[in-house]
Amino acid sequence: MRTIINRNKMKNIKYILIVAVIFAWSCSQEWEVRTVEDPVETPSAGSADFTKFVAVGNSLTAGYQAGALFTEGQTNSVPAILAKQFKTVGGGDFNQPDINSENGFFGALPDGTILGRLVLKTNAEGATAPSPTLGDVPTAFAGDKAALNNFGVPGILLGQCLTPLTGGPAENNPAFNPLYARFAAAPGTSTIIGDAVAAQGTFFMFWLGNNDVLGFAANGGTFPTTEVAAFEAQYDAAIAALTANPDAKGVVGNIGNVTVIPFFNLVPYNAVPFAVDDPTIGVLNTAFGGFNGALDGLVGAGFMTAAAAAERKVSYQAGANPILILDTDLPDIGPMFDGLLAGGFISAEQRAALQPFVQSRPIKEGELVTLRAASVIGTPLSADAPTAIQGVSYPLGDQFVLTMTELEEIATKTAAFNAKIKAVADASDKIALADVAKAFGSLSAAGGGFDDGVILAPSLAPPFGLFSEDGVHPNNRGAAFMAKVFIDAINAEFGAKIPKPKLGDYAGTRLPIAQ
């Protein structure tokens, strides 16, 4: 199948407007808010002791946001906000492994340029999207490791808090995480949970498990999830270590539905738009006529049902069209096409042209496209294949899409992991459960909310969004929102009266800048 497409006609696909909001508010960075004061109560620690607070977790605990770990994010991490509130009930200092970087580390270009945190930028076509700044390579923590309180490490799975391999060696070690190695007590020997226990906290926060689902989801199901039995054993081991001190108490957080975050909801499933008079429609439909005909041939030969063929057929029309995707859960019909070739129904050239589509189909409504796909859809597969337009005339890679099958696996694993977390908390009078899943789930289902005099939106769009520019991690205000969830759980479990942070005191996502 040879498709000739005018690439200029496809520019409207490449520049998908992924931030679906009209910035009609004031251009000031912060929206003016009306702060609603909680009833005045005398702060109390209840039956808990917050003298020394220790936190263990992943990026959500470390203060990672906008695709990087940087100073502002660390300063406004969930446990840092909690520690500030704990000071009203006898809490002490809260030391973090300071990154000392304005923009942090997002990645590096082939020429060696170091990229930092994402910010929203609007290009000449009017499309707004996250774009990296200039950043810094993380360096070893130069402070007192023995005085640390925050042991949050971006990117780790639950099991990585238990193994010394997380701290090294760096080579041939999939468990290695440089953001732990930079502050590990003894890189390659110590463990995250061991370092946290050695800090001898009187109260702990433990919030791990998100990445055991998110890694699978963010990579379109191409990265494995943690098995339930392994998760349960690892969770028991971590909690046993943290509660070995009979006087220590703590709070654990559960796992939210990762598929409701902006990262999976900014690029629509039907992100291939065509105007009524666009000649590309005819070009594509003529080209896919051969593919659709080959599917009919398989139906006629008894190799495939008509329903299975219809699921794979491709046809474009004016308006918004579904993205063409690779679905590795689909049966590979390459051998069937080989049968058509052997029977003389298609030529060798036609058989070769059909190869990219042996596991392809248009995406279904309800399936999700990752934010990373926004820069890929509508672009050529390579310089050598200028007419293989990804998501249009060539299937979009499996790593950019969550199919119904993959969404079901995410829901199943999340439910199982949360059941374990709840069971552990319910079995101990020393552990409170912060139901982050319920808090963010309710906000997402309602499409937003109003709290502390501030409008809240489950998006990254300023000025009301609670998510940072990466569409995954909360911004400063989102972190404060989560801190309130943790404080509610602590107050309820331990009879404490810890004042909650005021959301209006914490910044949301920055307004876009011209690119």
Only residues in the range 500-513 that are more than 11 Å from GLY465 (Cβ to Cβ) count as the first member; pair them with residues that are of a type in the set (Ser, Thr, Tyr) and buried (at least 17 other Cβ atoms within 10 Å of the Cβ), Cβ under 6 angstrom, at least 6 apart or cross-chain, and list the lot. PRO512/THR122; PRO512/THR128
Being surrounded by fewer than 17 Cβ atoms within 10 Å (Cβ to Cβ), assigned to a helix (DSSP H, G or I) and in contact (Cβ under 8 Å) with a residue 60 or more places away in the chain is true for just one of GLY290, GLY282, GLY339. Which residue is that? GLY290
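Quick check on this structure: which one of THR191, THR222 is hydroxyl-bearing (Ser, Thr, Tyr) and farther than 28 Å from ALA489 by Cβ? Reasoning before the result, please.
Details: THR191 fails: farther than 28 Å from ALA489 by Cβ.
Exactly one residue qualifies, and that residue is THR222.
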For a quick check of your reading: which helices (runs of 4 or more DSSP H) sit entirely within the range 151-267 and have at least 3 residues that are under 22 Å from GLY107 (Cα atoms), modelled with pLDDT of 95 or more and not charged (D, E, K, R)? 178-181, 211-218
List the residue pairs whose Cβ atoms are under 9 Å apart, where the first residue sits in the range 94-111 and is free of Cβ contacts under 8 Å to residues at least 60 places away in the same chain and part of a loop (DSSP other than H, G, I, E, B), the second is loosely packed, with under 12 Cβ neighbours inside 10 Å and of a type in the set (D, E, K, R), and the two are 6 or more positions apart or on different chains. ASN95/ASP144
If I ask for residues that are of a type in the set (D, E, K, R) and out of contact with any strand residue (DSSP E or B) (no Cβ under 9 Å at 6 or more places or on another chain), which ones from the range 130-155 would you list? ASP144, LYS145
For GLY471, only one of the following conditions fails: (1) part of a loop (DSSP other than H, G, I, E, B); (2) in contact with a helix residue (DSSP H, G or I) (Cβ under 8 Å, 6 or more places away or on another chain); (3) over 21 Å from ALA217 (Cα atoms). What is its number? (3)
Checked against (1) in a strand (DSSP E or B); (2) modelled with pLDDT of 95 or more; (3) open to solvent by 20 Å² or more (accessible area, probe 1.4 Å), LYS121 satisfies every condition except (2)
Among the numbered criteria (1) under 30 Å from GLN234 (Cβ atoms); (2) of a type outside the set (Gly, Ala, Ser); (3) open to solvent by 50 Å² or more (accessible area, probe 1.4 Å); (4) outside any helix (DSSP H, G or I), which one does PHE345 miss? (1)
Only residues that are over 15 Å from THR259 (Cβ atoms) and either part of a loop (DSSP other than H, G, I, E, B) or open to solvent by 60 Å² or more (accessible area, probe 1.4 Å) (or both): list them for the range 434-453, please. ASP435, LYS438, SER442, ALA446, GLY447, GLY448, PHE450, ASP452, GLY453
Looking at the range 96-106, can you tell me whether even one residue there is out of contact with any strand residue (DSSP E or B) (no Cβ under 7 Å at 6 or more places or on another chain), more than 20 Å from ALA55 (Cα to Cα) and among the acidic types (Asp, Glu)? yes
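The values are calculated or read from the model by the stated rules, or taken from the named source; none is laboratory data. The structure displayed is predicted, hence computed values, not measured ones. Neighbour counts are summed over all protein chains in view; Cβ atoms, including those assigned to glycine, are modelled from backbone coordinates with ideal geometry. Note: accessible area is taken over every heavy atom of the protein model, side chains too, but ligands, DNA and RNA are not part of it. Shrake-Rupley method; radii C 1.70, N 1.55, O 1.52, S 1.80 Å.
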